[in-house]
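Here's the structure, in structure tokens; my notes come after.
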Amino acid sequence: MAHFRLQNVEDFYEIGEVLGSGHFGQVRELTEQSSGTLWAGKFLKLQRSASSRLGVERRSVEREVEILQALPHAHIMALHDVFDSRAEIVLVVELISGGELFDFIAEKENLMENEAIGFLKQILSGVAFMHSKQIAHFDLKPENIMLSDKSAELPEIKIIDFGLAQRFTPGEEYRSLCGTPQYIAPEVVNYEPLTVASDMWSMGVITYILLSGMSPFQGDSDEETLRNIVDMKYEFEDQYFSATSDMAKDFIQKLLIKDQSERMTAEECLMHPWIKPLTHRQAASRSRSSINMKNFKKFNARRKWRMSYNMVWVCNRLCRLQLLCKQAQEDEELRSCESDQEDIAIKPASLIRRRLSSNS
Ligand code: AMP
């Protein structure tokens, strides 16, 4: 179990700019005072009481910390330190400054399959390592796949956000309805017992999008998307997959399988001929086939627009809730409203977590 330091993060690190926002708080740049080293700090607001629906449970943060500690791997965000105050826990993690993989790809003029495979291989090796430790991420999606340094020849992948991750205990069943609609597996939608194979479904969806710029199960609403997932309604439409190799389609088909035990594992993916060609013909086919860049750029622009739209929606809602809270305070001098306001600032983000990046 990680050592939670009962000290103030500010006494050891300078707190810098906001790098991003998660469901229970912000991620900010940190500078270690003793060495000048840059880190990222994930500030997580804690639930005030067991009955509170606001903030994150201490137990969940402890689980995220335990999981990150169990996963020292080149393609998984590393944990450096943990600070614990009564209201908040700060995870000091490796700073990942290259942005999201999808944004990096969207800036390119074109990309051949073998270049995309260079990134997929890294993601798969991180996922295979996680799964070898009986840990599932349960929220693999483009927002959680970042790059450490964009300027490197082959930028390094870093998988982030282990807020929904779980370590499986032999003999215990685990079910959950959490995740992001576009990327979740049928067993999640059906509230069935889950395994690490649910991550492999998400890998299938991510690969499908990467190659075509289309989201395989996307409906006009979350409900329709979830129905499409359960009904396994997807196809490789010619207009989007004309430049895609048959091996790539085979790879996806072996991941988008309803039966979890039939789905390829991360280790099997790494041995699939699309990822690891056995013949010259297979290798040549990958370097002849390209990703549908025009459509991918459109997908990414919609995804980013949807994310910022959601952020604006959260901000507006926060303002409204804070105004309401102020009003209530004036009317009734609400007990502990001040700390509730702090909590309210967290709640809407947690409510929309499952919606971020959906409908894009
Ligand atoms: P999370 O709560 O882990 O989903 O993080 C929220 C957002 O903060 C992410 O979408 C990233 O944009 C950003 N972020 C998270 N971790 C890091 C990191 N280690 N380095 C830089 N930015 C990060």
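The values are calculated or read from the model by the stated rules, or taken from the named source; none is laboratory data. What you see is a predicted model, and the numbers here were worked out from it, not measured in a lab. Here the Cβ positions follow ideal geometry from the backbone for every residue, glycine too, while neighbour counts run over all protein chains shown. SASA here: full protein model, heavy atoms, side chains in, ligands and nucleic acids out. Shrake-Rupley method; radii C 1.70, N 1.55, O 1.52, S 1.80 Å.
Overview of values
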| item | result |
| --- | --- |
| Residue within the stretch 336-346 that is surrounded by 15 or more Cβ atoms within 10 Å (Cβ to Cβ), modelled with pLDDT under 90 and in contact with a Phe, Trp or Tyr (Cβ under 7 Å, 6 or more places away or on another chain) present | yes |
| So residue 5, is it in contact with a Gly (Cβ under 7 Å, 6 or more places away or on another chain) and in contact (Cβ under 8 Å) with a residue 12 or more places away in the chain | no |
| Flag if residue 143 is touching a residue at least 60 places away in the same chain (Cβ under 8 Å), part of a helix (DSSP H, G or I), within 16 Å of the ligand (Cβ to nearest atom) and of a type outside the set (A, V, I, L, M) | yes |
| Number of positions in the stretch 241-295 that are hydrophobic (A, V, I, L, M, F, W, C) and within 20 Å of residue 200 (Cα to Cα) | 14 |
| Some residue of the stretch 269-278 being in contact with a His (Cβ under 7 Å, 6 or more places away or on another chain) and either surrounded by 14 or more Cβ atoms within 10 Å (Cβ to Cβ) or of a type outside the set (Asp, Glu) (or both) | no |
| Count - residues of the stretch 65-78 that are within 11 Å of residue 160 (Cα to Cα) and either of a type in the set (D, E, K, R) or in a helix (DSSP H, G or I) (or both) | 1 |
| Failed item, numbered, when residue 208 is tested on (1) open to solvent by 40 Å² or more (accessible area, probe 1.4 Å); (2) free of Cβ contacts under 8 Å to residues at least 60 places away in the same chain; (3) assigned by TED's automatic domain parsing to the domain that holds residue 169; (4) not in a loop (DSSP other than H, G, I, E, B) | (1) |
| Selection status of residue 41, crowded, with 16+ Cβ neighbours inside 10 Å, within 14 Å of the ligand (Cβ to nearest atom) and in a loop (DSSP other than H, G, I, E, B) | no |
| Set 89, 76: member being open to solvent by less than 40 Å² (accessible area, probe 1.4 Å), touching a residue at least 40 places away in the same chain (Cβ under 8 Å), within 14 Å of the ligand (Cβ to nearest atom) and farther than 20 Å from residue 142 by Cβ | 89 |
| Top-ranked residue in the stretch 117-132 [being in contact with a Lys or Arg (Cβ under 9 Å, 6 or more places away or on another chain) and open to solvent by less than 10 Å² (accessible area, probe 1.4 Å); ranked as nearest to the ligand (Cβ to nearest atom)] | 126 |
| Search result, residues across the stretch 116-155 that are farther than 22 Å from residue 265 by Cα and either more than 18 Å from the chain's Cα centre (by Cα) or not assigned by TED's automatic domain parsing to the domain that holds residue 273 (or both) | 149, 150, 151, 152, 153, 154, 155 |
| Pairs where the first residue, in the stretch 172-189, is on the phi > 0 side of the Ramachandran plot and the second is buried (at least 22 other Cβ atoms within 10 Å of the Cβ) and acidic (Asp, Glu), C-beta under 8 Å, 6+ apart | 179/139 |
| Unmet requirement for residue 172, which otherwise passes all of (1) over 28 Å from residue 69 (Cβ atoms); (2) over 15 Å from the mean Cα position of the chain (by Cα) | (1) |
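A quick yes/no check of all residues on (1) more than 17 Å from residue 23 (Cβ to Cβ); (2) open to solvent by 20 Å² or more (accessible area, probe 1.4 Å); (3) within 16 Å of the ligand (Cβ to nearest atom):
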residue	(1), (2), (3)
139	no, no, yes
147	yes, no, yes
158	yes, no, yes
164	no, yes, yes
179	no, no, yes
187	yes, no, no
191	yes, yes, no
198	yes, no, no
